[in-house]
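The structure appears right after this line, and notes come after that.
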Amino acid sequence: QVQLVESGGGLVQAGGSLRLTCAASGIIFRLYRMGWYRQAPGKQRELVATITSGGSTNYANSVKGRFTISRDNAESTVYLQMSNLKPEDTAVYYCDAVGQANVYWGQGTQVTVSS
């Protein structure tokens, strides 16, 4: 059974930092492209950042220079370090795992940034 479990969300003031964690099980983690997405109320889910099995990263323009995605293959975990948070970063954050034939999603973790 595949599971992606996000944690680390919460309430933070603008300018603050949070680190999100996504722990994966049931997949050969090192083979999967991992990603973080977010969905704010009334908006579509949008890409935040991805990291390939080889470690190449990609970021949405809105988070470049503020967020960093990383992975620990030994721990089957992907991280999203978020700094200089803004109220517009408020959303439910989801991680996904993309393989050759499968896509899996976590249940999400809420991030709320107060002004």
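Could you please find all residues in region 26-38 being open to solvent by less than 20 Å² (accessible area, probe 1.4 Å) and in contact with a Ser or Thr (Cβ under 8 Å, 6 or more places away or on another chain)?
Residues of region 26-38 that are open to solvent by less than 20 Å² (accessible area, probe 1.4 Å), as a first pass: 29, 34-36, 38.
If the condition is that a residue be open to solvent by less than 20 Å² (accessible area, probe 1.4 Å) and in contact with a Ser or Thr (Cβ under 8 Å, 6 or more places away or on another chain), then F29, M34, G35, W36 are the ones that fit.
On the given criteria, is L85 touching a residue at least 60 places away in the same chain (Cβ under 8 Å), touching a Ser or Thr at 6+ places or on another chain (Cβ under 9 Å), in a loop (DSSP other than H, G, I, E, B) and within 23 Å of V12 (Cα to Cα)? Before you say what the answer is, go through the steps one by one.
Details: touching a residue at least 60 places away in the same chain (Cβ under 8 Å): yes; touching a Ser or Thr at 6+ places or on another chain (Cβ under 9 Å): yes; in a loop (DSSP other than H, G, I, E, B): yes; within 23 Å of V12 (Cα to Cα): yes.
The answer is yes for L85.
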Can you find a residue that is out of contact with any helix residue (DSSP H, G or I) (no Cβ under 9 Å at 6 or more places or on another chain), polar (S, T, N, Q) and either modelled with pLDDT under 95 or exposed (fewer than 15 other Cβ atoms within 10 Å of the Cβ) (or both) anywhere in region 89-105? yes
In the set A74, A49, A23, the lone residue that is open to solvent by 20 Å² or more (accessible area, probe 1.4 Å), in contact (Cβ under 8 Å) with a residue 12 or more places away in the chain and aliphatic (A, V, I, L, M) is A23
Subset of region 21-49 [part of a loop (DSSP other than H, G, I, E, B) and of a type outside the set (A, V, I, L, M)]: G26, Y32, P41, G42, K43, Q44, R45
If P41 satisfies every condition in (1) in contact (Cβ under 8 Å) with a residue 60 or more places away in the chain; (2) open to solvent by 70 Å² or more (accessible area, probe 1.4 Å) but one, which is the exception? (1)
Number of the exception - A60 against (1) open to solvent by less than 50 Å² (accessible area, probe 1.4 Å); (2) in contact with a strand residue (DSSP E or B) (Cβ under 7 Å, 6 or more places away or on another chain); (3) within 17 Å of Q3 (Cα to Cα): (3)
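The values are calculated or read from the model by the stated rules, or taken from the named source; none is laboratory data. As the structure is a computational prediction, the values presented were derived from the model and not from experiment. Reconstructed Cβ throughout: ideal geometry from the backbone, glycine too, with neighbour counts over all protein chains shown. Side chains are part of the model used for accessible areas, which takes the heavy atoms of the whole protein and leaves out ligands, DNA and RNA. Shrake-Rupley method; radii C 1.70, N 1.55, O 1.52, S 1.80 Å.
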